[in-house]
1. Restricting to segment 1-44, name every residue that is in a loop (DSSP other than H, G, I, E, B), within 22 Å of the chain's Cα centre (by Cα) and surrounded by fewer than 24 Cβ atoms within 10 Å (Cβ to Cβ).
2. Out of (1) out of contact with any helix residue (DSSP H, G or I) (no Cβ under 6 Å at 6 or more places or on another chain); (2) under 23 Å from VAL139 (Cβ atoms); (3) in contact (Cβ under 8 Å) with a residue 12 or more places away in the chain, what's the single condition that is false for GLY259?
3. Looking only at segment 214-273, count how many residues are surrounded by 16 or more Cβ atoms within 10 Å (Cβ to Cβ), among the acidic types (Asp, Glu) and modelled with pLDDT of 90 or more.
4. Which of the residues spanning segment 163-179 are assigned to a loop (DSSP other than H, G, I, E, B) and at pLDDT 95 or above?
5. Is there a residue being modelled with pLDDT under 95, surrounded by fewer than 20 Cβ atoms within 10 Å (Cβ to Cβ), farther than 20 Å from PRO166 by Cβ and among the basic types (Lys, Arg) anywhere in segment 276-291?
6. Considering GLU76, GLU56, GLU82, which residue is within 29 Å of PRO161 (Cα to Cα), touching a Gly at 6+ places or on another chain (Cβ under 9 Å) and among the charged types (D, E, K, R)?
7. Could you please give the count of residues in segment 141-187 that are basic (Lys, Arg) and touching a helix residue (DSSP H, G or I) at 6+ places or on another chain (Cβ under 8 Å)?
8. Exactly one of these conditions fails for PHE58: (1) of a type outside the set (Val, Ile, Thr); (2) under 23 Å from PRO287 (Cβ atoms); (3) surrounded by 19 or more Cβ atoms within 10 Å (Cβ to Cβ). Give me its number.
Amino acid sequence: MSKLLVVGSISTDFVVETKREPKVGETIFGETFQTYFGGKGANQAVAAARLGAEVEMFGAVGSDVFGESLINNLKENNVGVEYVQTVDHLPSGSAFITVVNGDNSIIYVAGANDAYTPDCLFQNQQQLDMLKRSDMVIVQNELPQATIEKLIDQSNQNRIPVLYNPAPARKITEKLMEFITFLTPNESEFQEMFPGQSISEMLEKYSNKLIVTLGQKGATFHDGDKIVTVPAIEVEHVVDTTGAGDTFNGAFAVAYMEGQSLEECVRFANKAAAVSIQKLGAQNGMPTKEEI
């Protein structure tokens, strides 16, 4: 079984469905309110675990009722939580999500995720051994930048492939680009990371490394010879796009660890994302292999 280490955020999603966004100073009626388990790190861990990978999670939660529930949810989804830390001085992370006609906008409050500093990584030999036994590492940007850089450096030293999902977007250095195996921004994240650059130019520059997800248009990369665009799977009824990107990344990692080609990995990830958007909630719709 493939071993995946996911280092990232663990949060609760508070989701309101409404028919339109409120204007500034306006109160409107919502249609529904639900709470879901989330955080990009936890989402990607659950996505990969449902697809058959052996997944270990590194991250932090608060010592509140949400933190306890978040850890229990990971356990129920067969994600290892031995190295998830509990902090007393910050609440568990949270995301406030508004869904209008299937599209979402999100306000993210890091909380305990901000306490997962570089010192939390590889505090003991067991944590380092966990990294060395991994077939791949996934990390996102809902953690402090210094933590991400230390993780990528350690992974590079131990020759462990890294999938870096730069969400929310931050600028990236050439050195960091050298050390990662895959970078998976969406279109808006790409524009923030590479201002003034065209997608085609950057795809060619970072061939077989940069994969830009395009929502309904699929995902695109450069294979060393040409740009390849893998179309998205058409879905009759989109319910909620929250977590689609996380499903894509978790599924991509599973396919990569199984030895599939880059195009096959993207195709498999697109299929997983298409299934995920047909249910409400980031983790609710994440599929098994049978469903895909």
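1. Listed by number, the residues that qualify are MET1, SER2.
2. Just one mismatch for GLY259, condition (3).
3. Matching residues across segment 214-273 total 1.
4. Matches in segment 163-179: PRO166 only.
5. yes
6. The conditions single out GLU56.
7. The total comes to 3.
8. (2)
The values are calculated or read from the model by the stated rules, or taken from the named source; none is laboratory data. Everything numeric in this text was worked out from a predicted model, so none of it was measured. Here the Cβ is made from the backbone with ideal geometry for all residues, glycine too, and neighbour counts use every protein chain on show.
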